[in-house]
Structures are given as C-alpha cells and as structure tokens.
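The structure appears below as structure tokens.
The values are calculated or read from the model by the stated rules, or taken from the named source; none is laboratory data. Every value quoted in this text rests on a predicted model; they were computed, and no experiment measured them. Quick reminder, even Gly has a Cβ in these numbers, built from the backbone with ideal geometry, and neighbours come from all protein chains shown. Ligands, DNA and RNA are stripped out before the accessible areas are found, and what is left, the full protein with its side chains, is counted by its heavy atoms. Shrake-Rupley method; radii C 1.70, N 1.55, O 1.52, S 1.80 Å.
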Amino acid sequence: MSNMAIAKEGGFSALLVDTHAHIDTDRFDEDRDEMLARAKEAGLAAIINMGDSLESSARSVAMAGKYDMVYTGVGIHPEEARPMTQGDDDLLAAWAQEAKVVAIGEIGLDYYWVKDEEQRQLQREIFIRQLDLARQLHLPVCVHDREAHGDTLAILKKEARDVRGVMHCYSGSLEMARELMKLDWFIGVDGPLTFKNAAKLPEIVQRLPLERILVETDCPYMAPVPVRGKRNEPAYVYHVAAKLAELRQVSFEQVARQTTSNAQELYGKL
Ligand code: NI
C-alpha cells in the first residue's frame, strides 16, 4: 500500500483523475456520497462522468453542479442510438456552455451488442453528427469503439479533423493506436489492463508514449484486479494506474502526475 500513501502525500502532482465513469447510474444511488469520499481518500482530484443518453447527460450535468470533484461529458452512446433532432443538438450545445461540461461523450460505435445493419447505420450517423457538434463547440470527444475498429478509425480520419479525443477502454491493435497517435489522440485504459487475459493491451501501453495514455474505470463495469467481479467505482482507478506503472517500470507517482496532466491537456476545462 506504499503507493497509495504516495498518492495521498504527494500533493496535486500525484493526484489521479478517473477520466471515464458512469456514477449517475442507479448502482450508486444508495452510497453516492460515501463512494465519492472513498475516491478522495484514494487520491482522486477529479472524476469525469460520461453521459450515455440525453437523460443520463442531464443527470450528469446536475451532479457536476452538486459535487466539486465531478465533471462531465454529454452525448448519446451508440447502444442508445436513436434519430437525433435539431432540439437534441441545441440541448447538447446549451450544456456545452456550462463550466464543468468538458467533452462530448460518450459517443461512438458498438457492433458487439448491436448486430442489426440499420441500427449500425444510425450509430454511424449520430456519431458523425456529434463529432460535428464537438468541432462547432470546440470540445474534445470521448469515443466508445467495440468490435467496430475499422469503421471507427475511418470515420475519425474523415470526420474528426480539428477534433481531439480519446479512444476509451482501448481494445484495438498497436497499429490502430499508432494511427490514433498520428491524429494526436489519446487512448484510455481501465480494468482489462489488469486482467490475466489482457491479451495485447499490456504490450501496447508499454510501447506508446505515456503522454498519450489516460486512466479510467468505466465504473460500475469492469472492476480491475484485485476487485474484479465487484461493482467498480472511481477509487479503483488507483489499481489501473499501479498496473500501468508496473508495466512501464516507472513510479506510481510518475504515472499519476503524467496521466493527470494528460487529462488536463485533453479536457481543457478540468
Ligand atoms: Ni463508458
């Protein structure tokens, strides 16, 4: 636990940011305040909650108003895809004016859960529409890509000019990660980095610049080892950062300082 002590004693430079959470969900209704206290105790400076629908984005904006350490992205997740209206654009644009709304997200493509071709086409349409919106609003984006690597990268190369972002919960190849680096993008890593069956992810995070990696939980899902299988929460981002330090053979403090600085670089309003 000595690393945990460093996180607490190291001042701002050693503080972590959970750059991708879903703490507006009802999984936290019974202990939200206690969960946030545990996050502070674990050395977190900030949590970025990602909206996955307009309803969840509204909850998330309200939470950012209530809790100092909570910031938010607003957007429509591919699993929640439905035709967007001008009214939806206007709502997202209005939220984007708020001080603690730092991104358009979580947006992207999910071909794992969604097999229907018409629904996938709708995902692509609203993904592109929200990338356009992010460009107009001068906000970065947080992108979800599950088993849709080819289409996601093709859309980013064509449609995301002048938009920066992160490929969250990274599950692509080293080659794809290098393409993202060329676009000056980031990758986000979370619980799966700590899993025994992490496949190629450990090698990928060893070979990319630390300056392009964000740490996140994606809670309440994907709790890292040693709490795998439990409900995940922002405090556990500590385990992801510790694994990253181990893999790169650098100190925990260096990982905390660099990934927090990365989060501030991408999300300028943090
Ligand atoms: Ni997510």
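Select the helices (runs of 4 or more DSSP H) contained entirely in region 187-270, then report the ones holding at least 3 residues which are closer than 22 Å to I48 by Cα.
237-248, 252-266
Looking only at region 227-261, count every residue that is surrounded by fewer than 19 Cβ atoms within 10 Å (Cβ to Cβ) and of a type in the set (F, W, Y) and tell me the total.
Counting residues in region 227-261 that are surrounded by fewer than 19 Cβ atoms within 10 Å (Cβ to Cβ) and of a type in the set (F, W, Y) gives 0.
Restricting the first residue to region 135-160 and requiring it to be more than 15 Å from V114 (Cβ to Cβ) and β-branched (V, I, T), which pairs with a second residue that is modelled with pLDDT under 95 and away from the ligand (no atom under 16 Å from the Cβ) meet a Cβ separation below 9 Å and a spacing of at least six or different chains?
Close Cβ pairs satisfying both conditions: V141/A160; V143/A160.
Is it the case that Y112 is in a strand (DSSP E or B), touching a residue at least 12 places away in the same chain (Cβ under 8 Å), within 16 Å of the ligand (Cβ to nearest atom) and open to solvent by 10 Å² or more (accessible area, probe 1.4 Å)?
no
Tell me, yes or no, whether region 207-222 has at least one residue that is of a type in the set (D, E, K, R) and without any contact (Cβ under 8 Å) to a residue 40 or more places away in the chain.
Taking every residue of region 207-222 in turn, at least one turns out to be of a type in the set (D, E, K, R) and without any contact (Cβ under 8 Å) to a residue 40 or more places away in the chain.
For I47, are the conditions met, namely being closer than 21 Å to M167 by Cα, in contact (Cβ under 8 Å) with a residue 60 or more places away in the chain and in contact with a strand residue (DSSP E or B) (Cβ under 7 Å, 6 or more places away or on another chain)?
Answer is yes for this residue.
Please go through region 163-178 and pick out each residue that is away from the ligand (no atom under 13 Å from the Cβ) and within 22 Å of Q264 (Cα to Cα).
Scanning region 163-178 gives V163, R164, G165, A177, R178.
I'd like to know if region 127-146 contains one or more residues that are buried (at least 22 other Cβ atoms within 10 Å of the Cβ), out of contact with any helix residue (DSSP H, G or I) (no Cβ under 7 Å at 6 or more places or on another chain) and more than 21 Å from T217 (Cα to Cα).
Yes: one or more hits.
Considering only region 17-39, state which residues are among the aliphatic types (A, V, I, L, M) and under 18 Å from the mean Cα position of the chain (by Cα).
If the condition is that a residue be among the aliphatic types (A, V, I, L, M) and under 18 Å from the mean Cα position of the chain (by Cα), then V17, A21, I23, L36, A39 are the ones that fit.
Regarding C169, is this residue modelled with pLDDT of 95 or more, open to solvent by less than 10 Å² (accessible area, probe 1.4 Å) and within 20 Å of A21 (Cα to Cα)?
no
Given the criterion more than 16 Å from the ligand (Cβ to nearest atom) and either in contact with a strand residue (DSSP E or B) (Cβ under 9 Å, 6 or more places away or on another chain) or modelled with pLDDT of 95 or more (or both), identify the matching residue among L153, L193, L214.
None of the other options fit; the residue is L153.
So which of A177, A99 ends up being open to solvent by less than 20 Å² (accessible area, probe 1.4 Å) and at pLDDT 95 or above?
Being open to solvent by less than 20 Å² (accessible area, probe 1.4 Å) and at pLDDT 95 or above holds for just one of A177, A99, which is A177.
Is at least one residue of region 40-59 small (G, A, S) and surrounded by fewer than 13 Cβ atoms within 10 Å (Cβ to Cβ)?
Looking through region 40-59, none of the residues is small (G, A, S) and surrounded by fewer than 13 Cβ atoms within 10 Å (Cβ to Cβ).
Test of understanding: among I23, I76, which residue is on the phi < 0 side of the Ramachandran plot, touching a Lys or Arg at 6+ places or on another chain (Cβ under 9 Å), in a loop (DSSP other than H, G, I, E, B) and within 12 Å of the ligand (Cβ to nearest atom)?
I23
Quick check on my filter: what residues within region 52-73 are more than 12 Å from the ligand (Cβ to nearest atom), assigned to a strand (DSSP E or B) and in contact with an Asp or Glu (Cβ under 8 Å, 6 or more places away or on another chain)?
Listed by number, the list is empty, since nothing qualifies.
Of the conditions (1) touching a Gly at 6+ places or on another chain (Cβ under 7 Å); (2) under 18 Å from Y170 (Cβ atoms); (3) open to solvent by 10 Å² or more (accessible area, probe 1.4 Å), P224 fails just one. Which one is it?
Going through the list (1) touching a Gly at 6+ places or on another chain (Cβ under 7 Å); (2) under 18 Å from Y170 (Cβ atoms); (3) open to solvent by 10 Å² or more (accessible area, probe 1.4 Å), P224 breaks only (3).
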